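Enquirer: Sharing a structure here in structure tokens format.
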Amino acid sequence: MADPVSTFDRRAAVTQSLRAVQTLSDALDRMHSGMKGDMDMNASDLATLRMLTIREHRGQMVSPHDVATHLRISTASTTKLIDRLVASGHLERRPHPSDGRARVVVLTDKSRREFFRHFGVHLSAMREIADRFDDAELETVTRFMDELTEAITTED
């Protein structure tokens, strides 16, 4: 039989960790809101750049369909969004390397510089915090965050 005190402590720790995630999410929302204002973009534009940055880091190509699915918007809205980001110099459309009929969208160097210029200060602050933890602690945090992300991610 479980000790009620340790069960309560565990539940308190779970609640505390989920509140910390909620607080982090709120801080990220505020940071992104400031970035979209600084970069003169709407939320979908910035979300597209974030998505492309993450997928580029993973070595994944992104199609217009991927953007539409990620943002949960129509293909017509996606076309307008991509047109806007191409016109502003943030994205390029390129042929898919293995499927000549398909297209992919990629970040431009301008987009990377601008995105990281606005995000760089925050990234430096986050790295300073991460440096305070040892590798085992960071592996645990990473596993926790990855599993939370997987738990709330829906595939359409």
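Values in this text are rule-based calculations from the coordinates and carry no lab data. On a predicted model such as this, the values are computed, not experimentally measured, just so you know. In this analysis, Cβ positions are derived from the backbone assuming ideal geometry, glycine residues included, and neighbour counts consider all displayed protein chains.
Enquirer: When you go through V105, V121 one by one, which is the residue that is β-branched (V, I, T) and in contact with a Lys or Arg (Cβ under 8 Å, 6 or more places away or on another chain)?
Expert: None of the other options fit; the residue is V105.
Enquirer: Another question about this same structure. Answer yes or no as to whether T108 is of a type in the set (S, T, Y), in contact (Cβ under 8 Å) with a residue 12 or more places away in the chain and touching a Gly at 6+ places or on another chain (Cβ under 8 Å).
Expert: Against the criterion (of a type in the set (S, T, Y), in contact (Cβ under 8 Å) with a residue 12 or more places away in the chain and touching a Gly at 6+ places or on another chain (Cβ under 8 Å)), T108 qualifies.
Enquirer: Let me ask something additional. Please verify whether D66 is surrounded by 15 or more Cβ atoms within 10 Å (Cβ to Cβ) and not β-branched (V, I, T), treating the condition exactly as stated.
Expert: Yes: the conditions hold for D66.
Enquirer: Within the bounds of region 92-105, is there any residue that is surrounded by 11 or more Cβ atoms within 10 Å (Cβ to Cβ) and among the polar types (S, T, N, Q)?
Expert: Within region 92-105, not a single residue is surrounded by 11 or more Cβ atoms within 10 Å (Cβ to Cβ) and among the polar types (S, T, N, Q).
Enquirer: Residue under question is D40, and the condition is that it be more than 19 Å from T154 (Cα to Cα), assigned to a loop (DSSP other than H, G, I, E, B) and among the acidic types (D, E); does it hold?
Expert: Yes.
Enquirer: For region 86-97, which positions are more than 19 Å from the chain's Cα centre (by Cα) and within 16 Å of P64 (Cα to Cα)?
Expert: Passing the criteria: V86, A87, E92, R93, R94, P95, H96, P97.
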